[in-house]
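**Q** Mind having a look at this structure? Questions to follow.
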Amino acid sequence: MKNAVGRDIPEELLVNGKEVYQGKNYLDGKYIQKAGPKTRRYEKPQESKIVDSLAQALRDCGAKSGMTFSFHHHLRDGDYVVNMVMKAAIEELGLEDLTIAATSLGSAHDPIADYIEQGKVVGIQTSGIRGRMGEVVSAGKLKTPAIIRSHGGRPRAIEAGEVHIDIAFVAAPTSDCVGNCRGIGGKSDCGSMGYAMTDAKFADHVVVVTDCLVDFPNYPASVEAIDVDAVVVVDSIGNPKKIASAAARISQNPRDLMMAEDVARVIASTPYFKEGFSFQTGVGGPSLAANLFLEKLMDERNIKMGWAIGGICGPMVELLKKGKVGKVIDVQDFDLDAVHSINQTPNHFEMSASQYANPANKGAFVNKLDFVVLAALEIDTDFNVNVLTGSDGVLRGAPGGHPDTAAGSKVCIIVTPLTRGRMATVCEHVVTVTTPGDCVDVLVTDYGIAVNPLRPDLIECLDKAGIKHVTIESLKEKAYSLVGRPDDLQWEDKVVAVLEARDGTILDVVRKIKPYKL
Amino acid sequence: MEIKKTAMAGTLESSDAQVTVEPGNGTVELELSSSVMNQYGRQIKETVLATLERLEVDNAKITVVDKGALDCTLAARIECAVFRSCDKADKDIPWGGMIR
């Protein structure tokens, strides 16, 4: 069945009430019955929950074949915990038919590809999927299609019981002996632990894995001891060099800066750019550089930003310290400046993934967002964005908070160069729709700006401000005139991944790519 | 033109291509790998063969390792490799003639 973004969704996926994507806010006002976990009582006082090994923790939590284990990705590409846990479960306990439900996965998790090929891991639910895991899943080697969700879609699915987590593993930079966790004070600091919070509340069992045990009570805790069954102390939970970069630097690339300046000009042309406005930006070159130009325009107009959310890095912390933004609310940290600021700098707070972006709660932060600036691998002439699959059709990205912030914000700006090497970023049809075009408002490229015709109000704003803009079709034609018109990818029928819209409907599927023959 | 010896042009940088030509076995034999194979493999092959035809090369083994080069870049790298293989890359290059 065709959905609202024109993608053909196989009927066999439309079971148990699953529907195809119908457009934004389709499920507004509907009621959901939240699922509750089945948890163990620890009535008798315990001095400590520390157990000797991951294997022991798994046994204590009743780990068996067929279970779903959850993980969070604050340690990013430095994470050791996913591999460590899966190794203990599969190689020490001999478990199989396991499902990994992670907030995101990256090339740090290449070893999991072997477990997929061996048929030990049969399900993957994640936002990001990259590296070898992306390749083996794209090759159709995972027993069930991977389920890809946004950062807001995941807590929604957990609360609705669509994902039941048997054991949640919390990678904790610091923990006390009963499992109060924080993202700071250890040797593998990650700052915010926002993505782990919903998991810890909705999992039957919670195991904390830490490499820095601290005195009780480790407070204020990101994950609380009241939800934790066991604490395992290991040598290292991750490679600090890959967890947070020294400092996210603002691009010096003149093309990035030119696009960033255009982004700031577009923002300043709208009525939402006023005292107390709210803002989120990605950490890509031109997105991050937009901060710089925005600050100038804020100074010129003598206004301050009310609050900023997101994955946070140094330049935003800098604005907070300068008093140019009122509050920063943070679900993940990308560099050490942000890691060392959260809960330390006044008005720099932590939030859960649900508070950040869940479309089924009573109002996530994204719903109050004025502006979001995002990147894209591809954007098509219907403004649909792909941030998941490469031009060869292989899984190598992550929707992350992209669809959530795009849907919630008043103005969603995509900033991307028109071409990357020989790849046309602006194209006729994106490989995979990860953010539907009805949520995307403005496209800024190095060859021009295009406004979604669904937003005549913004077209008027740009015209009034004298900002030139063109149709997205003309940008696509410009791109094709430079790099040539790409051939369509050739797919087999087999679905290797299902892309859920943030509301739980099906936005797109990724099929197995046919081997290319010249 | 006759390919007299093995010659190379280009790099493995992004947006470039590395082209190697060698004396052939009576035909044109193409070995192609590309970072954008699925979308542009067919067009790259067409460009390579058309460029060789323009240079009147009909007996060569040509290896193209493409990193997302545009057609103009591909053609330039092939022209250079072919001229190098004939020791004609140093002077009197027919700009605007065979080289376009």
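The values are calculated or read from the model by the stated rules, or taken from the named source; none is laboratory data. The structure presented is a predicted model; accordingly, all values stated were derived computationally and were not measured. So basically every Cβ, Gly included, is an ideal-geometry build from the backbone, and we count neighbours across all protein chains shown.
Results for (1) surrounded by 14 or more Cβ atoms within 10 Å (Cβ to Cβ); (2) assigned to a strand (DSSP E or B); (3) at positive phi, shown as yes or no for each residue.
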site: A:K18; (1), (2), (3): yes, no, no
site: A:N25; (1), (2), (3): no, no, yes
site: A:E47; (1), (2), (3): no, no, no
site: A:Q56; (1), (2), (3): yes, no, no
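**Q** Could I ask something else about it? Considering the range A:342-395 alone, what residues qualify as being assigned to a strand (DSSP E or B) and among the hydroxyl-bearing types (S, T, Y)?
**A** Start the filter on the range A:342-395 by keeping residues that are assigned to a strand (DSSP E or B), which leaves A:348-350, A:371-374, A:378-380, A:385-386, A:389, A:395.
Passing the criteria: only A:T389.
**Q** Specify the residue that is farthest from the other protein chains (Cβ to nearest Cβ); the eligible residues are those in the range B:15-48 that are without any contact (Cβ under 8 Å) to a residue 40 or more places away in the chain, within 25 Å of A:T389 (Cβ to Cβ) and of a type outside the set (S, T, N, Q).
**A** Going through the qualifying residues, I end up with B:I44.
**Q** Further question on the same structure: Hey, can you tell me all the residues within the range A:251-284 that are buried (at least 17 other Cβ atoms within 10 Å of the Cβ) and among the aliphatic types (A, V, I, L, M)?
**A** A:L257, A:M259, A:A260, A:V263, A:A264, A:V266, A:I267, A:A268, A:V283
Every residue, every condition in (1) under 27 Å from B:V36 (Cα atoms); (2) within 14 Å of chain B (Cβ to nearest Cβ), yes or no:
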site	(1), (2)
A:T445	yes, no
A:I459	no, no
A:L489	yes, yes
A:Y516	yes, yes
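Yes or no, residue by residue, for (1) more than 11 Å from the chain's Cα centre (by Cα); (2) under 19 Å from A:L518 (Cα atoms):
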position	(1), (2)
B:S14	yes, no
B:N38	yes, yes
B:Q43	yes, yes
B:V64	no, yes
B:G68	yes, yes
B:L74	no, yes
B:E79	no, no
B:G97	yes, no
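**Q** Can you name every residue in the range A:236-276 that is of a type in the set (A, V, I, L, M), modelled with pLDDT under 95 and touching an Asp or Glu at 6+ places or on another chain (Cβ under 8 Å)?
**A** A:I243, A:A244, A:A246, A:A247, A:A248
**Q** Another one. Read through the list (1) over 24 Å from A:T405 (Cβ atoms); (2) under 21 Å from the mean Cα position of the chain (by Cα), then give the number of the only condition that A:A102 fails.
**A** (1)
**Q** Here are A:D446, A:D438: which of them is within 18 Å of A:G504 (Cβ to Cβ), surrounded by fewer than 24 Cβ atoms within 10 Å (Cβ to Cβ) and touching a residue at least 60 places away in the same chain (Cβ under 8 Å)?
**A** Values: A:D446 fails: within 18 Å of A:G504 (Cβ to Cβ).
Of A:D446, A:D438, the one residue that is within 18 Å of A:G504 (Cβ to Cβ), surrounded by fewer than 24 Cβ atoms within 10 Å (Cβ to Cβ) and touching a residue at least 60 places away in the same chain (Cβ under 8 Å) is A:D438.
**Q** Condition (residue is among the aliphatic types (A, V, I, L, M), in a loop (DSSP other than H, G, I, E, B) and either in contact with a Pro (Cβ under 7 Å, 6 or more places away or on another chain) or within 24 Å of A:I329 (Cβ to Cβ) (or both)) applied to the range A:169-190: is it met by at least one residue? If you could, list the steps in order and put the result at the bottom.
**A** Step one: list which residues in the range A:169-190 are among the aliphatic types (A, V, I, L, M), which gives A:170-172, A:178, A:184.
Restricting the remaining residues to those that are in a loop (DSSP other than H, G, I, E, B) gives A:178, A:184.
If we keep only those that are either in contact with a Pro (Cβ under 7 Å, 6 or more places away or on another chain) or within 24 Å of A:I329 (Cβ to Cβ) (or both) too, we end up with A:184.
The answer is yes; a qualifying residue exists.
**Q** Look through the range A:386-412, keep the residues that are away from chain B (no Cβ under 14 Å) and among the polar types (S, T, N, Q), and return whichever of them is farthest from A:A102 (Cα to Cα).
**A** Looking at residues that are away from chain B (no Cβ under 14 Å) and among the polar types (S, T, N, Q), I get A:S409.
**Q** Determine the pairs where a residue that is closer than 25 Å to A:M67 by Cα and free of Cβ contacts under 8 Å to residues at least 60 places away in the same chain, located within the range A:169-186, has a partner that is in a strand (DSSP E or B) and not polar (S, T, N, Q) with Cβ atoms under 7 Å apart, the partner being 6 or more residues away or on another chain.
**A** Listed pairs, sorted by first residue: A:C181/A:V170; A:C181/A:A172; A:C181/A:V208; A:C181/A:V223.
**Q** On to the next question. When both residues are 6+ apart or on different chains and their Cβ atoms are under 7 Å apart, which pairs have a first residue that lies in the range A:484-502 and is among the aromatic types (F, W, Y), and a second that is in a strand (DSSP E or B) and crowded, with 16+ Cβ neighbours inside 10 Å?
**A** Going by the 7 Å Cβ cut-off, the qualifying pairs are A:W491/A:R511; A:W491/A:K512; A:W491/A:I513.
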